[in-house]
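Working notes for the structure below.
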Amino acid sequence: MKKLFLSIAVVGAVCLTSCGNSQQAAQDKGEAIKAKIENCSDPDSLKIYVDEAKAYADELVKAGKDDAAQTFIQEVEPAVKAKDATAAGAFTALGLKAKADSAYEAAKEATKEAVDSTKAAVNAAADAAAAKVEQGKEAVAEKVEQGKEAVSEKAAEAKEAGKNAVDAAKTKTAEAAQKGADKVKDLLGK
């Protein structure tokens, strides 16, 4: 059991050390390139060191560390300009590229936010339209129901009126038949 805990502790320490060392190594790499450029006196070597510095700045940009790349460029550029002004132009272009990349990312994020906002607005409008359609359907259904009730009431009234007319006709027919029977009796009885 002690060996297991000791093994875990050793692995954890190695991981922490390696993570710290990788960050330290990246910082040391930038410092080493900067020192090479500051101490360089050969123009050909300077061009090689400038290329290393550009590659290192590109690595930082690719890793999403635009600010660190910009800071590195600003620290190295004065030394390069002092030794070879033409080589410093490469850093200016690199700095502009980093700024353009940063602006592109910001514009991309703003566009995504605008698209999301537009989608939300469209969905809200669609929901509102669906609610209006539902209200319209309910209003039409209510009117249809009222129409059915009115037709039903009128049909009941007509049925009652028809029944009353039939009853009245039966009564009149019965009365007429009775009168006729009475007249026949009177005529026979006389």
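At-a-glance table
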quantity	calculated
Residue-level accessible surface for residue 34, protein heavy atoms, 1.4 Å, Å²	40
Distance (nanometres) between label positions extended 7 Å along Cα→Cβ at residue 160 and residue 39	11.6
Pairs from 36/62; 29/81; 34/108; 132/159; 159/183; 112/132 whose Cα-Cα separation, in the structure shown, is over 28 Å	34/108; 132/159; 159/183; 112/132
Cross-link reach list, aspartates and glutamates versus residue 83, counting only Cα pairs under 15 Å and skipping chain neighbours closer than eight places	38, 42, 44, 51, 75
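The values are calculated or read from the model by the stated rules, or taken from the named source; none is laboratory data. Every value quoted in this text rests on a predicted model; they were computed, and no experiment measured them. As a convention, Cβ positions derive from the backbone with ideal geometry for all residues, glycine included, and neighbour counts pool all protein chains shown. Only protein heavy atoms, including side chains, enter the accessible area calculation; ligands, DNA and RNA are left aside. Shrake-Rupley method; radii C 1.70, N 1.55, O 1.52, S 1.80 Å.
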